[in-house]
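Step one of this worksheet: look at the structure below.
The values are calculated or read from the model by the stated rules, or taken from the named source; none is laboratory data. Note that this is a predicted model, so its numbers are computed, not measured. Cβ coordinates were reconstructed from backbone atoms using ideal geometry, including for glycine residues, and neighbour counts include every protein chain displayed.
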Amino acid sequence: MAELPAVLLTGVGYRHGRTPALRDCSLSVPPGRVVGLIGPNGAGKTTLLHLMVGLLRPDRGEVRIFGREPGGDPAILDRVAFLAQDKPLYGSFTVAETMRLGRHLNSRWSDELAAERLGRLGIPADRPVRRLSGGQRSQVAITLAMAKRPDLMVLDEPLADLDPLRRHEVMSDLMALTAETGMTVVLSSHVVAELEETCDHLVLLGDGRVQLAGDLDEVRAGHHALSGPASLVAALPDAGTVVHATRTGEHAGLLWRSDRPPPDPRWAVRTPAIGDIVLAYLRAPEASALPRPTLLRQVSPGLRPVQTAPTASEESR
Amino acid sequence: MYGVLEFYLDRHAGIPTYLQLVQQVGHALRVGALHPGDRLPTVKEASAQLAINPNTVLKAYRELERGGLVEAHPGRGTFVRVGVAVPAVPDHPVLRDQLTAWVDRAQAAGLSADDVVALVNTAVRRSYPQRTGEVA
Amino acid sequence: MSRPPSRVAFAVLLAVLVGSGVVAVLNVSADADATTRGIRARELARFTATLPEPTGPYPVGTVAWQIDGTGRPDPWRPGQDRDLTVQLWYPAQDRGESAPWAHPNVARQAARRYGFAAESLVALRGHATEEAPVRRDAGVLPVLVFSPGDGGNRTDNTALTEELASHGYLVVAVDHLGDALEGSSPDGQLVGRTKPELPEDISREELTGPAVVAQVEVRVADVRAVLDALGRVAGTGPSGAPATAEHIGVRGPVPVGLAGRIDLGRTGVLGHSLGGATAAGAAYADGRVRAGVNLDGLVAGPVAVEGLDRPFLVLRQPSHTTRIDPSWETFLPALRGWHRVVTVAGSGHYSFADLGLWARAGGVDLRTSEETYRFNFGAGDNGRATELTRALLVGFFDAWLRDRPVPAVLGGPDPQYPELTFG
Amino acid sequence: MTWVAWRQARSAGYGLLAVTLGFTALALLERTEELSGMTRSLSIYLSLFVGVLLGAPLLAQEFEHGTYRMVWTQGVTRVRWLAGRCAVALTITLAGTAVVHGAVIALAEGGRGRPALLPAPVDGLDTAGLSPYARAVWMLALGLLAGAVLRRTVGAVAVTAGGWMATQLLFDNGLPRWVPDGWQDDFWAVQLGASGLLLGLTALAVVGTLFALGLRPALPVRRPAVTLVRPTPIRPD
């Protein structure tokens, strides 16, 4: 059987009251990827993550985690860990009690992992969480998520309130666990540089829509930084798209999306840094480059809904 | 443990991370920090140490494997190939001594460390035109 | 699969849940039981209520009158004149068929209020014959006006009124209409209680406050109006002739031999509870009153401070002390005539009313606490309390209205009456 | 789940324990005539404490502190988590009510051998029999619902207290009037009627809570059947 996508969103829309937070979001994350969810503040990152872990239900479209609906399904709940942005914990619980909570509520829980990590970080087990420093609280929350040994780890701005040393500690442990278990990680940030070394998959969210999604290498390979005479812009082949362009006099600089660079040798072609690509898309909110994932087709109700995810037979068709 | 080799990352070098790892293994072999038969850090160890995506480490190791420098023994780790023929620097003590003496003379002549590196780079580029990177 | 079983926590939870369930079931069944007992007492108090035989030498006759309140506005029924109903008991020539204790309308409602089966009181008969001719050899009759307790009816103290009549008194008990809970016209038409209620948990201070004083004043005026009406009856008609006395503001049959035998020159007042206050107030306000008795009641108005210079008897139950009733603190020391304060051991507040005789049999106790019960009905035998009260009343009025010697029962501690203490 | 639920209910549980002990002390004090009936008449406030200490904060605090996002993404479903927490809260509620009720009957009134107040079914509607339990459970459920809807502890507490007063009004004025004549003296008819009413309200509150939490229990929702298909690759010329 083919591996189910760790995360599959098809045509997802969500409104907070009357304000649309997400519109027609589709993406597919193969298992084992470390996904960077990038977007400016207010782009809908948190909403998207809440949909993934089942804290919210989409108004439209479908969310599937390993092929199943998240939220109500204990089989999925056990496999998904979530760290909310403010890293909520029960303030009156001690660190040890917080870990006991994790052990009681998760069937794959690893006491060893929790004890090792907290011991290494020197966090006192008998102290109530509300009396820990902010950094220590974050570490406890992250430990709670890690010791669950999830197949999908969803982290909302995990590094936001950590100093550089703590960031390294967190990312180091996260990467070690990823290497060890092969888990899929989705982490959000509004700073792309933060994730450049850790992510191999990028989802760019702008204004409630997925603008760009794909493996980092593919994204890099599919974009070209061009510079040359502005007169050449009109003659660019139809097989590519200008994501963003700047003109200074007769000179034009553009980010060009295409499988291959333009044939005209007068263009100076360079491979853009991932940060430049992200920046270009953020500056052009209408631009999007979506590797269209699987589509949903509604079947008349009454027919037995046999499949909710592609299977081997689907794949081989 | 990976006492044998400790990777480091130059985030501003403009060189892809996996390539930095590849180069560091090659360099370690050249300076004798690694020997044939030695085990490279596991993917977990390396990605934890550098806080980088394990796939990046894997990609570097695959690159090294393709170049014939290392071989993966599933379940045990990745090892420097026993039969690998590296022009290891330790095998040329005379050349090293001569270079050390030359650097001493350059220093005595009032050249700065950057000047020395520039001179060496120029010489390397002349003799190894196919190579692109800088020495330091 | 390393989820540790939280079996201990679960077991504790289960144990607590089961334990509290068992306790709850016990509690609920205890409440159900107590309630059912309460209902049974209220619903099933079917018993034969009786009144003790009068001990005097004469049979007793009785009749009810309406006294028109012409010109006197009724404070409890605005826009009306203050009509009153009175019940007379007097020595009768012969003994005939005993009249009912009260009109069925009154009996039924009183029974419901006490929690008795209606028949218990509807079937009850006293020992007086309706409209019987007045005893010829009883001479001229001293007059006693009886004022019942707060909310009380004219027949609520029949055991005492019949007794006094059998000893040769004309006893006139008043329905203070609008105050009586089951007040009624002579023919049994109920007149509801319309006077403002005093607070149920009335404070010690409020007990002598203006609200109480105002209510007692109305009652005192009622007593005086009764005396006026009796005066009008006494001055009419040829001796022995039955007459209807509409022109004198009194409606109802006048028994043969009554007119001309009413001796208002020898008038006494007595009353129970708020009626006791009425008695004291009437004695203070009306010079016609020569002697008075307060049966376990407070005292209100100027008499409470200024006292009386005429003979006055106070009967009390052991719990009625100056601690709960401040009016006695000033009243008792201000009594200047012959007086006694007699405590009846084992008695309660309602030992001076017919209800006290039925409390046990009627199961009234089941719905109150022991202490409340003791206050209301006493710890002892109310038959005995009634016996003693009768002896004291007859002895007192015989001494001060008939010039007989003060009997032993009133004289002071006596081994014959160990229940009585004086002070 | 049991341990977690107990750990979370612990401080509220201690609060309620203190209240319970207070009532027990009152019951022991209630030895003189003046205080007669005091414990029983004050025992109506127990359900207020249940609602305010236990019910209202149960969900409101999770929302207020955002911890619902932590606990609902553990390996236990929301329904099971809520069931666990409710089971513990319910146990505390019933145990506390049973203790206070027991103190009223055995300590305050048992010593005198008879209840101090008229426990006629209609009069004793709010303190006797089953209704203290039904009332406490109802207040717990109302607190839950208020917390789930308002998501603020203060607001939930206020609504719960208001609901308590409304319930009290209902028991003092409404219900006794509506009891049909024939039932006035039937303990079980009155108690079962009143408790049934409250438990009905409780059930509504529970369903409301589940809805407010986005859980749709027992109602089969017909979702359109969905099939995934691969897009037909379009060959560019």
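Go through segment C:333-367 and report how many residues are of a type in the set (A, V, I, L, M), closer than 25 Å to residue C:152 by Cα and free of Cβ contacts under 8 Å to residues at least 60 places away in the same chain.
Total meeting the criteria: 1.
Which of the helices (runs of 4 or more DSSP H) found entirely inside segment D:1-71 contain at least 3 residues meeting this: surrounded by fewer than 24 Cβ atoms within 10 Å (Cβ to Cβ)?
The qualifying helices (runs of 4 or more DSSP H) are D:2-29, D:38-42, D:56-64, D:68-71.
From C:96, C:56, C:19, which residue is within 14 Å of chain D (Cβ to nearest Cβ), at pLDDT 90 or above and surrounded by fewer than 22 Cβ atoms within 10 Å (Cβ to Cβ)?
C:19
Here is a list of conditions, (1) at pLDDT 95 or above; (2) within 23 Å of the chain's Cα centre (by Cα), and residue A:78 meets all of them except one; can you say which number that is?
Of the numbered conditions (1) at pLDDT 95 or above; (2) within 23 Å of the chain's Cα centre (by Cα), the odd one out for residue A:78 is (1).
Restricting the search to segment A:48-63, which residues are closer than 15 Å to residue A:13 by Cα, surrounded by 20 or more Cβ atoms within 10 Å (Cβ to Cβ) and in contact (Cβ under 8 Å) with a residue 60 or more places away in the chain?
Those that are closer than 15 Å to residue A:13 by Cα, surrounded by 20 or more Cβ atoms within 10 Å (Cβ to Cβ) and in contact (Cβ under 8 Å) with a residue 60 or more places away in the chain: A:48, A:49, A:52.
Give just the number: which of (1) among the small types (Gly, Ala, Ser); (2) within 27 Å of residue C:338 (Cβ to Cβ); (3) out of contact with any strand residue (DSSP E or B) (no Cβ under 6 Å at 6 or more places or on another chain) does residue C:361 not satisfy?
(2)
Looking at this structure, is residue C:253 surrounded by fewer than 24 Cβ atoms within 10 Å (Cβ to Cβ) and modelled with pLDDT of 95 or more?
No; evaluated as a whole, the condition is false for this residue.
With the condition kept exactly as written, say whether any residue in segment C:370-390 is of a type in the set (D, E, K, R), more than 19 Å from the chain's Cα centre (by Cα) and either assigned to a helix (DSSP H, G or I) or within 14 Å of chain D (Cβ to nearest Cβ) (or both). Can you show your working first?
Here is the first cut: in segment C:370-390, the ones of a type in the set (D, E, K, R) are C:370-371, C:374, C:381, C:384, C:387, C:390.
With more than 19 Å from the chain's Cα centre (by Cα) added as a condition, the list becomes C:370-371.
Keeping just the survivors that are either assigned to a helix (DSSP H, G or I) or within 14 Å of chain D (Cβ to nearest Cβ) (or both) gives C:370-371.
The answer is yes, given that some residue of segment C:370-390 is of a type in the set (D, E, K, R), more than 19 Å from the chain's Cα centre (by Cα) and either assigned to a helix (DSSP H, G or I) or within 14 Å of chain D (Cβ to nearest Cβ) (or both).
Table: residues versus (1) out of contact with any Asp or Glu (no Cβ under 9 Å at 6 or more places or on another chain); (2) at pLDDT 95 or above.
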residue	(1), (2)
C:320	no, no
C:329	yes, no
C:361	yes, no
C:368	yes, no
C:383	yes, no
C:389	no, yes
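Can you pull out the residues in segment A:155-172 that are among the small types (Gly, Ala, Ser) and over 15 Å from residue A:117 (Cβ atoms)?
A:160
Identify all residues within segment C:337-354 that are under 19 Å from residue C:292 (Cα atoms) and of a type in the set (A, V, I, L, M, F, W, C); write none if there are none.
Across segment C:337-354, the qualifying residues are C:338, C:341, C:342, C:344, C:352, C:353.
Taking residue B:29 as meeting all but one of (1) surrounded by 19 or more Cβ atoms within 10 Å (Cβ to Cβ); (2) touching a Ser or Thr at 6+ places or on another chain (Cβ under 9 Å), write down the number of the exception.
Failed condition: (2).
Conditions (1) in contact (Cβ under 8 Å) with a residue 12 or more places away in the chain; (2) over 24 Å from residue A:147 (Cα atoms); (3) buried (at least 21 other Cβ atoms within 10 Å of the Cβ), marked per residue:
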{"position": "A:5", "(1), (2), (3)": "yes, no, yes"}
{"position": "A:14", "(1), (2), (3)": "yes, yes, yes"}
{"position": "A:42", "(1), (2), (3)": "no, yes, no"}
{"position": "A:97", "(1), (2), (3)": "no, no, no"}
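Within segment A:168-182, is even one residue surrounded by fewer than 17 Cβ atoms within 10 Å (Cβ to Cβ), over 30 Å from residue A:111 (Cβ atoms) and within 12 Å of another protein chain (Cβ to nearest Cβ)? Give the steps one after another, and end with the answer.
If we filter segment A:168-182 for residues that are surrounded by fewer than 17 Cβ atoms within 10 Å (Cβ to Cβ), which is where we start, we get A:168, A:180-182.
Remaining after also requiring over 30 Å from residue A:111 (Cβ atoms): none.
Taking every residue of segment A:168-182 in turn, none turns out to be surrounded by fewer than 17 Cβ atoms within 10 Å (Cβ to Cβ), over 30 Å from residue A:111 (Cβ atoms) and within 12 Å of another protein chain (Cβ to nearest Cβ).
Taking the stated definitions as given, is residue D:67 within 21 Å of residue A:53 (Cα to Cα) and either touching a residue at least 24 places away in the same chain (Cβ under 8 Å) or within 12 Å of chain A (Cβ to nearest Cβ) (or both)?
So residue D:67 passes the test.
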